[in-house]
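Undergrad: The structure follows.
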Amino acid sequence: MSEWTLDYDDFDPREEKLREALCTLGNGYFATRGAAAHARGDDVHYPGTYLAGGYNRLKTKISGHVVENEDLVNLPNWLHLGLRIDGGDWFDLRSVELLGYRQSLDLRRGLLTRSVHFADRHGRRSRLAERRLVHMAEPHLAASETTVTAENWSGSVELRSAIDGNVVNNGVARYRELSNRHLETLFAVAPEVDVLCLKARTNQSRLEVALAARTHLFRDNGTRLIVTPRVQHDEGFIGQDLSVELVRGESVRVEKIVALYSGRDRAIAECDLEACTAVSRAPDFATLAASQALRWAQLWRRFAVTIEQSGNGAERTALILRLHIFHLLQTASTNTIDLDVGVPARGLHGEAYRGHIFWDELFIFPLLNWRLPEITRALLMYRFRRLEEARVNARQHGHRGAMFPWQSGSNGREESQQLHLNPASGRWIPDNTYLQRHINSAIAYNVWQYYQVTRDMEFLSFYGARMFLEIARFWGSFVVHNEALDRYEIHGVVGPDEFHTAYPHSDRPGLSNHGYTNVMAAWVLARAGDVLGLLPEERRQELCETLQLGEDELRHWDEVSRRMRVVFHGDGIISQFEGFEKLRPFDSDRYRAKYGDIHRLDRILEAEGDSVDRYQAAKQADVLMLFYLLSAEELAELFARLGYPFEHDTIPRNIAYYSARTTHGSTLSRVVDSWVRARSDREGSWRLFRQALESDIADVQGGTTPEGIHLGAMAGTVDLLQRGYTGIVTHGDALTLNPCLPREVTSQRMTIRYRGHALDLSITQQALTVHSHKSNAAPIKLEVVGVGAEIAAGQTLEFPLTPAPQDGPGDDG
């Protein structure tokens, strides 16, 4: 096994869609699934190309309701390259005898390669070798290079290079009853002898996209073959057939360079004109591959996390970590900085969750903050540009401030589905997960964390502070005062655990006094004063005037932040929501024996005519999110502010209680569970970390990854090494490091960016070395295992570490 290539040595139709998702190539502007060039969408293959922010809405009548869904649109298929010998059948992996097969995703260089050795029904043996890229430095370009070798025969080879606009959104089985035809072809032409162009438009959002392809043929010696193509034109399809004669042992190489533009791109006249111009000017495949490798080398210098690991599985761990970083950067890259897009929870790798943006930013942004925070800023601007829609959303629900949607797409309206298909029962059931108002605290938290790492005062002054204060205003208006308890309460919400969306037998959705929601709302309201205090006096005055934010409202926020109700039960357990302990205990052993996999227990019980709302069972880490986001010190301060005890063993007691009741139905769950155990149970933390690594590469949920990767879990696993096991925290004016490497990790190296410094960190079980690259940045304060220091640019400091015990009670958080 290589640490830099994801390899497959056979063709397995059952695994093909999973491999297509995992072998997706992208650059933050668009991405294309790793389907074979000859493949069409069917039960084995699903080619898909997705443009960042390329959404469209369609209506469907289901179960007597008309629902409207917004989807990330599957764009015309540029991969299409057909092959046939002597006028025979078009090549298909399933209709030939496979003599050899290998597929590799080169993470170091951003290349997908596929080699096939096959014999057709006439016994003719051939070799097919393909290289493919979606260019990271030239965001509109993609390319493929395919070599066909006649091994034991002589004859004609016919190649069909095409762009196919007859595509629909059909990649998620449970969405197939919904309207899915988003594109209409405007024209498909061959403007030059070697160039094809297809222009299409979405039928609701009116987004125009154009793809152009330049196809050239070459001999073994690199000489270009001048072949007159036969144009194949059909509705929504444009192709060209190119024929060449081969003798035994000869090869022909097909080079296909593609450009994709949309009508929303900057500095263009028409997207079809730009696409055709781009492919005409583009260099050959070898030149593109070289510049692609250079750009990826630059990115890997910024994002690498290198660990030395004892025991088995070291190479696989390194490979998966790199795979996760690779897919994060293919979804959100430096090319994203100039775009008005968010980061979809399932990447640009498929159609699951319809390409919507959720709270997964909480898990994604930390990796970007400490490596390329310019990307985080661009993604936060996606939220800021939809602030007015969030304000309207709040007003429509009778609140003030900004209420951001649980699922966001094109313009920031609530895109959560109204009905959800349970594949276990075949029934469409109401979906109330849109009540996850905690998304607002997540956005505020992301603003705060970005500022803490970067000290980007311009962003905070003109964008971040306004979002933060509008969210604080929302929470200040959303709470209800319980006069009997003299506490503020929150009702009618849903938490990260989507199993519970209502009380048993209630006809009203939502829960009361949800622990994570209430505490994080209190955190936002407490931190709002700090945000205002950071602003320059003139800007603070302007913002307060603009928002009509006065002392009375600020005092109300402060009061709520001190009097928010947090419900406890048992021995200091923070109740997931009020009444959680009164639900029925769930017999997980019996259901595992019956069904095996119970990660989607909600679907299992609904199919049985029961409801998970009745049981003490959680889909994913919920209360534990508090210990994931806030350090033990921060939580102790916050709970003291609220007037509640926060004892030394509060965290481990809550971990034990909720871990026993969680099915890990979300890939994020094990990331959180591993994180919160990092200090008190390092062995358990490492075990959960290794399990979380397998989420996508092994498709642990049994069929979800083929529909799109889980980007939050991917970034979250890397961040476990970046911050979790290093103990990196921004605390006041100091960068705090308190390493707690698991026993299996003998050393770790990485480079982070912090307030103008590039810091090389080298950690072993015995010592931490910090080196600041030469720059003009002012010195910064460090606090390493309680020892304060200051480091200047160009300086190196070393700190001794005392290896901590691997198990037993500890200071989590």
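Per-residue answers, yes or no, for (1) in contact with a helix residue (DSSP H, G or I) (Cβ under 9 Å, 6 or more places away or on another chain); (2) over 21 Å from Tyr725 (Cα atoms); (3) open to solvent by 10 Å² or more (accessible area, probe 1.4 Å):
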| site | (1), (2), (3) |
| --- | --- |
| Asn312 | no, no, yes |
| Glu315 | no, no, yes |
| Leu319 | yes, no, no |
| Leu328 | yes, no, no |
| Thr334 | yes, yes, yes |
| His349 | yes, yes, no |
| Phe363 | yes, no, no |
| Leu367 | yes, no, no |
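Undergrad: Can you name the number of the only condition in (1) in contact with a Lys or Arg (Cβ under 9 Å, 6 or more places away or on another chain); (2) under 20 Å from Leu328 (Cβ atoms); (3) in a helix (DSSP H, G or I) that Ile375 fails?
TA: Going through (1) in contact with a Lys or Arg (Cβ under 9 Å, 6 or more places away or on another chain); (2) under 20 Å from Leu328 (Cβ atoms); (3) in a helix (DSSP H, G or I) one by one, Ile375 breaks only (1).
Undergrad: A further question follows. Any idea which of Arg114, Arg57, Arg108, Arg94 is of a type in the set (Lys, Arg), part of a loop (DSSP other than H, G, I, E, B) and either surrounded by fewer than 18 Cβ atoms within 10 Å (Cβ to Cβ) or at pLDDT 95 or above (or both)?
TA: Residue meeting the stated conditions: Arg108.
Undergrad: Any chance you could count how many residues in segment 733-749 are open to solvent by 10 Å² or more (accessible area, probe 1.4 Å) and either over 18 Å from Thr796 (Cβ atoms) or out of contact with any Gly (no Cβ under 9 Å at 6 or more places or on another chain) (or both)?
TA: Counting residues in segment 733-749 that are open to solvent by 10 Å² or more (accessible area, probe 1.4 Å) and either over 18 Å from Thr796 (Cβ atoms) or out of contact with any Gly (no Cβ under 9 Å at 6 or more places or on another chain) (or both) gives 9.
Undergrad: Taking Ala656 as the residue in question, decide whether it is among the small types (Gly, Ala, Ser) and either within 23 Å of Tyr488 (Cα to Cα) or in a loop (DSSP other than H, G, I, E, B) (or both).
TA: No: the conditions fail for Ala656.
Undergrad: Give the residue that is most open to solvent (accessible area, probe 1.4 Å), with candidates limited to residues of segment 674-709 that are small (Gly, Ala, Ser) and in a loop (DSSP other than H, G, I, E, B).
TA: Out of the qualifying residues, it is Gly702.
Undergrad: Give segment 737-758 a look and list any residue that's among the polar types (S, T, N, Q) and under 25 Å from the mean Cα position of the chain (by Cα), or say none.
TA: Gln748, Thr751
Undergrad: For the structure I just gave you, tell me whether Gly724 is of a type in the set (Gly, Ala, Ser) and over 25 Å from Leu797 (Cα atoms).
TA: Judged against the criteria, Gly724 is not a match.
Undergrad: In this structure, does Glu374 turn out to be open to solvent by less than 10 Å² (accessible area, probe 1.4 Å), out of contact with any Leu (no Cβ under 6 Å at 6 or more places or on another chain) and among the acidic types (Asp, Glu)?
TA: So Glu374 does not fit the description; no.
Undergrad: Scanning for something crowded, with 16+ Cβ neighbours inside 10 Å, without any contact (Cβ under 8 Å) to a residue 60 or more places away in the chain and within 22 Å of Gly155 (Cβ to Cβ), does segment 218-227 turn up at least one residue?
TA: Among the residues of segment 218-227, at least one is crowded, with 16+ Cβ neighbours inside 10 Å, without any contact (Cβ under 8 Å) to a residue 60 or more places away in the chain and within 22 Å of Gly155 (Cβ to Cβ), which makes the answer yes.
Residues are listed down the side, and each one gets a yes or a no for (1) under 25 Å from Leu83 (Cβ atoms); (2) touching a strand residue (DSSP E or B) at 6+ places or on another chain (Cβ under 6 Å); (3) open to solvent by 30 Å² or more (accessible area, probe 1.4 Å):
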{"position": "Asp10", "(1), (2), (3)": "yes, yes, yes"}
{"position": "Lys17", "(1), (2), (3)": "yes, no, yes"}
{"position": "Gly28", "(1), (2), (3)": "no, no, no"}
{"position": "Ala35", "(1), (2), (3)": "yes, no, no"}
{"position": "Gly48", "(1), (2), (3)": "yes, no, no"}
{"position": "Ile62", "(1), (2), (3)": "no, yes, no"}
{"position": "His65", "(1), (2), (3)": "no, no, yes"}
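Undergrad: Still on this structure, please answer the following. Being farther than 22 Å from Leu367 by Cβ, hydroxyl-bearing (Ser, Thr, Tyr) and in a strand (DSSP E or B) narrows it down to one residue among Thr746, Thr736; which is it?
TA: The conditions single out Thr746.
Undergrad: Still on this model: Please determine, by comparing only the residues of segment 508-555 that are outside any helix (DSSP H, G or I) and open to solvent by 40 Å² or more (accessible area, probe 1.4 Å), which one is nearest to Glu388 (Cα to Cα).
TA: Gln548
Undergrad: Which of the residues that make up segment 589-611 are in contact (Cβ under 8 Å) with a residue 12 or more places away in the chain, open to solvent by less than 10 Å² (accessible area, probe 1.4 Å) and assigned to a helix (DSSP H, G or I)?
TA: Of everything in segment 589-611, just one residue is in contact (Cβ under 8 Å) with a residue 12 or more places away in the chain, open to solvent by less than 10 Å² (accessible area, probe 1.4 Å) and assigned to a helix (DSSP H, G or I), namely Leu601.
Undergrad: Of everything in segment 608-642 that's closer than 20 Å to Asp530 by Cβ and more than 29 Å from the chain's Cα centre (by Cα), which residue is modelled with the lowest pLDDT?
TA: Among them, the one singled out is Glu633.
Undergrad: Does Gly716 qualify as being open to solvent by 30 Å² or more (accessible area, probe 1.4 Å) and in contact (Cβ under 8 Å) with a residue 24 or more places away in the chain?
TA: no
Undergrad: For segment 215-332, which fully contained helices (runs of 4 or more DSSP H) count at least 1 residues that are aliphatic (A, V, I, L, M) and under 24 Å from the mean Cα position of the chain (by Cα)?
TA: Per the criteria, 285-303, 314-331.
Undergrad: Quick one: in segment 470-489, of everything that is of a type in the set (A, V, I, L, M) and in contact (Cβ under 8 Å) with a residue 60 or more places away in the chain, which residue is most open to solvent (accessible area, probe 1.4 Å)?
TA: Leu485
Undergrad: Could you list, in sequence order, all residues of segment 424-465 that are among the small types (Gly, Ala, Ser), touching a residue at least 60 places away in the same chain (Cβ under 8 Å) and not in a helix (DSSP H, G or I)?
TA: Those that are among the small types (Gly, Ala, Ser), touching a residue at least 60 places away in the same chain (Cβ under 8 Å) and not in a helix (DSSP H, G or I): Ala424, Ser425.
Undergrad: Here's something else I'd like to know. Out of all the residues in segment 311-333, which are at pLDDT below 95 and touching a strand residue (DSSP E or B) at 6+ places or on another chain (Cβ under 7 Å)?
TA: Within segment 311-333, no residue meets the criteria.
Undergrad: Restricting the search to segment 460-495, which residues are β-branched (Val, Ile, Thr) and over 27 Å from the mean Cα position of the chain (by Cα)?
TA: Val479, Val480, Ile490
Undergrad: For Val447, only one of the following conditions fails: (1) of a type in the set (Val, Ile, Thr); (2) surrounded by 18 or more Cβ atoms within 10 Å (Cβ to Cβ); (3) farther than 22 Å from Leu626 by Cα. What is its number?
TA: (3)
Undergrad: Moving on to the next point. With Lys781, Lys774 as the choices, which residue is in contact with a Gly (Cβ under 9 Å, 6 or more places away or on another chain), surrounded by 14 or more Cβ atoms within 10 Å (Cβ to Cβ) and basic (Lys, Arg)?
TA: Just one listed residue meets the conditions, Lys781.
Undergrad: Hey, can you tell me all the residues within segment 355-366 that are part of a helix (DSSP H, G or I) and either in contact with a Lys or Arg (Cβ under 9 Å, 6 or more places away or on another chain) or at pLDDT below 95 (or both)?
TA: Gly355, Glu361, Pro366
Undergrad: For segment 134-145, indicate whether the set of residues that are under 17 Å from Leu83 (Cβ atoms), in a strand (DSSP E or B) and either in contact (Cβ under 8 Å) with a residue 12 or more places away in the chain or among the aromatic types (Phe, Trp, Tyr) (or both) is non-empty.
TA: Within segment 134-145 (the criterion being under 17 Å from Leu83 (Cβ atoms), in a strand (DSSP E or B) and either in contact (Cβ under 8 Å) with a residue 12 or more places away in the chain or among the aromatic types (Phe, Trp, Tyr) (or both)), the answer is yes, since at least one residue qualifies.
Undergrad: Also: Which condition from (1) within 30 Å of Arg176 (Cα to Cα); (2) surrounded by fewer than 18 Cβ atoms within 10 Å (Cβ to Cβ) is the one that Arg385 breaks?
TA: Result: Arg385 fails condition (1) only.
Undergrad: Is at least one residue of segment 268-278 open to solvent by 10 Å² or more (accessible area, probe 1.4 Å), touching a helix residue (DSSP H, G or I) at 6+ places or on another chain (Cβ under 9 Å) and more than 24 Å from Leu367 (Cα to Cα)?
TA: Yes, segment 268-278 has at least one match.
Undergrad: Taking segment 662-677 only, how many residues are at pLDDT below 95 and more than 19 Å from Ile364 (Cβ to Cβ)?
TA: 4
The values are calculated or read from the model by the stated rules, or taken from the named source; none is laboratory data. Given the structure is predicted, the values throughout are model-derived calculations rather than measurements. A quick note on method: Cβ atoms are made from the backbone with ideal geometry, for glycine too, and the neighbour counts reach across all protein chains shown. Ligands, DNA and RNA are excluded from the accessible area calculation, which covers all protein heavy atoms including side chains. Shrake-Rupley method; radii C 1.70, N 1.55, O 1.52, S 1.80 Å.
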